[in-house]
Amino acid sequence: MVKKVPFRALTELLNIVAAHPKGISVADIEKALTNDVPRRTLQYRLQQLVANGQMHSIGERRWAKYLPVSTDTASATAETLDEDYAEIIQLSEEAKTVRAYVKQPIAGRKPVGYNRDYLATYQPNQTSYLTSAERKQLADLGKSPAGMQPAGTYAKHILNRLLIDLAWNSSRLEGNTYSLLDTKRLIEFGEEAEGRDQVEAQMILNHKDAIEFLINAVDDVAFNSFTLMNLHALLSNNLLADPTASGRLRYIAVGIESSAFHPLETPPLIEECFNEVLSKASQIQDPFEQAFFVMVHLPYLQPFDDVNKRVSRLAANIPLIRGNFVPFAFSDVPQRAYTEGILGVYELNDVALLKDVFFWAYERSVAQFAAVKQSLGEPDPFRLKYRTEIREAVTSIILGKISRRDASETIRSYASEHVSESDRDNFVQVVEEEILGLHEGNFARYQVRLSEFAEWQDKWTTS
């Protein structure tokens, strides 16, 4: 029998952590306790509080820190990691050299332009930024229970969590100040956080739309113009000074803040290099080399007016989603680490620092989704087989404002047209279970608005 953790002990831990908005280590928590607690017991209790969403953790092993859940958690987490990320992320000597260079004042760094040879000399499956050992390590880390199932199965299985985590972390890297809880409320209920700029809400909602596009159109998305243009259009929606620039290659000059790098300015050259990036990316056979390649070359080219790094981060997930690997959610990535890694590419054509950040960040993403994977268990083969039909049937019930009295007949009617006869009874049962389990915390997966869900719920509960 599992021993119940005393409420007073958990409360004390929450109070200690709450007093340290920038984070506190296990060792310092031990010193603050009124009674001695074995280290393993303390770590177990802290992990339970993190798993229950009552506090956050950042860093690994002896560098782990715990932060309170608050509207300022995102900025506190970023600030804490930014201060000492070189201690948390193990950097190679090459990465340290890159970091030392880009940390210099901009006046001390050499102005450079776009180096076309950097792209031209990369030969897919011959040149490689990741070694074979590194690629194997990442593949072993990212394995999911859905490995041999249809493309996108695992991402669909954890869609609700992926929408929140990837949207929040990618937006945070752009300076967005929404907390994880703010992001969850915005995505699941459409509630904007008070006192925040609407641009921040738009950025997060754009990420949600873009992630859904990658997953729902998984059989069509690839490293081609259709995918990248639409990905940019979704991520930049209502955020550009020129609305017509969404989903269109750049034909204006742009500058990079706090960088000595000057991107290409000639539209024909931008288009030529963009097509070359996509062509080479599509030829790369290893999914992790593919992911890292686009994280390097899309921001370096700056093919769009803005939102280039966001496009690269989501595009990096294309091979992982298609291959049923754990997605790259950029969990806890320090903004400064990511920025300095990108600057190393811009100004030195050196991926060493960005690669170390990439490795650490993917390990964090895998750890973040591990609990979700464990709690979800193995996917139900029947639900996987009819995932599209189940979604359509449930959505039609909601949008049609079907009452409780008429639901079974509606489901059976749908099943008779879309489901094989031998599976119809099971299908009806599964859809009925889905409908009975709907609530405000999980309806977003059916892509209906909060107002539509509320109207259906009123009809359902009163009929």
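For the listed residue pairs Lys156/Lys280; Lys96/Lys309; Lys136/Lys156; Lys96/Lys208; Lys65/Lys309; Lys208/Lys459, the alpha carbons are over 31 angstrom apart in Lys96/Lys208. For the stretch 273-281, 3J(HN,Hα) computed residue by residue from phi via the Karplus equation (6.51, -1.76, 1.60; θ = phi - 60°) reads 5, 4, 5, 5, 4, 5, 4, 5, 4 Hz, glycine and proline entered as x.
In this Cβ point-charge picture (+1 for Lys and Arg, -1 for Asp and Glu), the chain has a dipole of about 1120 debye about its Cα centre. Think of it as helices only: each DSSP H run of n ≥ 4 in the chain is worth -39500 (n - 2.57), and spread over all residues that comes to -18500 deg cm²/dmol at 222 nm.
Just check the chain against the gyration tensor rule for me: Cα atoms, a ≥ b ≥ c as the square roots of the eigenvalues, rounded for a/c under 1.5, and otherwise prolate or oblate depending on whether a/b exceeds b/c. Intermediate results must be reported in sequence, preceding the final value.
Details: a/c = 1.77, a/b = 1.19, b/c = 1.49.
Cα axes put the chain in the oblate bin.
About the centre of its Cα atoms, the stretch 194-235 shows a dipole size close to 80 debye [charges on the beta carbon of Lys, Arg (+1) and Asp, Glu (-1) only; nearest 20 debye]. For the stretch 239-302, the Cβ-based charge dipole about the Cα centre amounts to some 100 debye (Lys, Arg positive; Asp, Glu negative; other atoms uncharged).
Please report the carbon-and-sulfur percent of the accessible area for the stretch 320-463; probe 1.4 Å, protein heavy atoms only, DNA, RNA and ligands left out.
Details: 3020 of 6540 Å².
Carbon plus sulfur share of accessible area: 46 percent.
Between Ala133 and Gln202, the distance separating the two model label sites (each 7 Å from Cα on the Cα→Cβ line) works out to 4.8 nm.
Beta carbons within 10 angstrom, averaged per residue: use that to sort the peptides 123-129, 360-366, highest first. Each step should come with its number before you reach the end.
Values: 123-129: 13.0, 360-366: 22.1.
Highest-to-lowest ranking by the protection proxy: 360-366, 123-129.
Please tell me the relative contact order of the chain in percent, rounded to the nearest whole number, where contacts are Cα pairs under 8 Å and at least six residues apart.
Numbers: 620 pairs, mean separation 83.3, N = 463.
Value for the chain: 18 percent.
Give me the extension gain from Ser282 to Ala18: residue separation times 0.36 nm, minus the current Cα-Cα distance, reported in nm with one decimal.
On the way: separation 264, 0.36 × 264 = 95.04 nm, distance 4.75 nm.
Additional length available on full extension: 90.3 nm.
Once you reduce the stretch 418-463 and the stretch 78-148 to the center of their Cα atoms, the two points are 45 Å from each other. Packing order of peptides 181-194, 313-326, 415-428, highest average first: 313-326, 181-194, 415-428 (average count of other Cβ atoms within 10 Å over each peptide's residues).
What's the FRET efficiency of Asp117 with Asn160 using the Cβ-Cβ distance as r and R₀ = 41 Å, to the nearest 0.05?
Details: r = 44 Å, r/R0 = 1.08.
With a Förster radius of 41 Å, E is 0.40.
Restricting attention to the chain, close to 75% of DSSP beta bridges with both partner residues there are antiparallel.
With every protein chain in place and a 1.4 angstrom probe, the accessible-area ranking of His262, His20, largest first, reads His262, His20.
I need the calculated FRET efficiency for the pair Thr11 and Glu93, taking r as the beta carbon distance and R₀ as 56 Å, to the nearest 0.05. It would help to have the intermediate numbers written out before the result.
Values: r = 46 Å, r/R0 = 0.82.
With a Förster radius of 56 Å, E is 0.75.
The stretch 151-193 and the stretch 267-314 have Cα centres spaced 24 Å apart.
With r as the distance between the Cβ atoms of Ser416 and Leu384 and R0 = 25 Å, compute the FRET efficiency 1/(1 + (r/R0)^6) and round to 0.05. Let's see the in-between values first.
Values: r = 22 Å, r/R0 = 0.86.
Efficiency, from the Cβ-Cβ distance: 0.70.
Taking label positions 7 Å along the Cα-Cβ direction at both Tyr251 and Gln429, the computed distance is 6.1 nm, reported to one decimal. DSSP loop GluC sites (Glu not before Pro) in the stretch 221-316 with at most 15 other Cβ atoms within 10 Å of their Cβ, which ones? Hits after loop and neighbour filter: Glu257, Glu265. Annotation: amide H of His262 within the under-5 Å range of Val112, Gly113, Tyr114, sequence separation 5 or more or interchain, hydrogens built in the peptide plane.
The values are calculated or read from the model by the stated rules, or taken from the named source; none is laboratory data. The model shown is predicted, which means the values in this text are computed figures rather than measured ones. Quick reminder, even Gly has a Cβ in these numbers, built from the backbone with ideal geometry, and neighbours come from all protein chains shown. Areas reflect the complete protein model, heavy atoms only, side chains present, ligands, DNA and RNA absent. Shrake-Rupley method; radii C 1.70, N 1.55, O 1.52, S 1.80 Å.
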